[in-house]
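Here's the structure, in structure tokens; my notes come after.
The values are calculated or read from the model by the stated rules, or taken from the named source; none is laboratory data. Treat the numbers as computed from the prediction; the structure is a model and nothing was measured. Cβ coordinates were reconstructed from backbone atoms using ideal geometry, including for glycine residues, and neighbour counts include every protein chain displayed.
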Amino acid sequence: MNTSVRIPQGDDTVKVELTVKEAMALAGIKFHNNHNIEISAKKKLNHIIEDHYIEEHRTVN
């Protein structure tokens, strides 16, 4: 069974500004005393993806 996912404009690039700690947290390093680092990084990624995706849909429609 082929379970490939198709993402429109999936090869486009986006830029996200992360701190070194945020990048490390996304790479899997755990900061046991500060879970907010990972949360902050994920929020930044989600925000830029939503902005990019919404922007693409606005220009198409």
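Things worth noting here:
- Number of positions in region 14-61 that are at pLDDT 85 or above and of a type in the set (Ser, Thr, Tyr): 2
- Restricting attention to region 1-54, the residues that are touching a residue at least 40 places away in the same chain (Cβ under 8 Å) and in a loop (DSSP other than H, G, I, E, B) total 3.
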